[in-house]
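Take a look at the structure set out below.
The values are calculated or read from the model by the stated rules, or taken from the named source; none is laboratory data. Just so it is clear, the model here is predicted, and its values are computed rather than measured. Virtual Cβ from ideal backbone geometry, glycine too; neighbours counted across all protein chains shown.
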Amino acid sequence: MKNHNLKLKIIKIFIFFLIFALLFLYPTKKILAQSVSLSLSPPLIEAVIKPNKSILIAYTIFNYGDPVILNAKILSFEPKNNLGQIKIKENFEGPIRFSLDNNNLKLNQSFFLKTNENQQLLLRIRVPEGAKEGDYYYTLIVESQPFTTQSDKSASFTKASIGANILITVTKTGKIEIKPKVVIFEVLPRFRLSVFGKKINLFDSTDPIPIVLIIENQGKNLIKPEGEIILKGNFGEKAKFALIPQNILSESQRLIQASPSAEIDCDNFSKSKACKRPISLLISGFFLGFYQLSTAVVFGENSPQVSANTSFFAFPIKIFIGLILILIISIFIIKKFNK
């Protein structure tokens, strides 16, 4: 009987270790998460090139993450909106020709980069003879590729990409077409009244003044505005705010910002119209009376100047309403005491 019980215990122990081995000791596939962190410089190239000429740009791609396989390619892009954002096209367009002058690298060919290692990409940009004059916009995109080893048959792949924009102007004579137009220059008031067919912008004296300036480039070459926004008050006060130079691509519009930055704290100004849409400039202070706003914009030497004007009234509405309430309450209290 004792021998029988001993055999049962041995069998149970054997079964336990067998199950343990099947569950925990059986070789499983490793799942590894890849960390990808890349930088690419220079981030922007602006070049004026004549037909049948070429230039060489030295880019540097740096890998801060895990070892990675990368691929470099060129794609065309176009403006997406008036905020400076772009849309990468699916296919390459235009007459510009790109190639790498590296001995061991080509475009659309994979290469390996270790952690904390960099690779120089010598990008040759050539404009063929007969290329049509105008602007052509491209992005050099470097993106990661799936990477597995023989021991790790399965791996979780994090795809990452980084890009550098290339703005090319093709011209035979070196001249560029500058055709700007101010399409919007206005304030975003708290109230907008119409008196005898004329619109009046009205603010409370303590309101921030949001200003929107949008310029359209009607030409075939990119332009970069220079100028200022000027505020004049009815008591002789005057303030100037310099425009931040920003590229306006051909046949597109762009919201132009002025310094100081147009970014505001929407937690404090949540009810302001400045938080409802992108703006060019926000002016804070205490305003009283009639104010004029003007802008004058140029686009380099001997370029045409465009200008625009707008205006607004500022009145201490909140203070006025508060005083009226105090007056009404005071009259009510006095009458009550008189009775």
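The table below lists the values:
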| quantity | calculated |
| --- | --- |
| Residue 61 within 22 Å of residue 223 (Cα to Cα) and surrounded by 13 or more Cβ atoms within 10 Å (Cβ to Cβ) | no |
| Scan of segment 93-135 for residues that are part of a loop (DSSP other than H, G, I, E, B) and β-branched (Val, Ile, Thr), ordered by number | 96, 115 |
| Residue in segment 186-203 that is loosely packed, with under 14 Cβ neighbours inside 10 Å, of a type in the set (Gly, Ala, Ser) and at pLDDT below 90 present | yes |
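Quick grid of which residues meet (1) outside the structural domain of residue 77 (by TED's automatic domain parsing); (2) modelled with pLDDT of 90 or more; (3) out of contact with any helix residue (DSSP H, G or I) (no Cβ under 9 Å at 6 or more places or on another chain):
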position	(1), (2), (3)
209	yes, yes, no
247	yes, yes, yes
252	yes, yes, yes
258	yes, yes, yes
285	yes, no, yes
291	yes, yes, yes
297	yes, yes, yes
312	yes, yes, yes
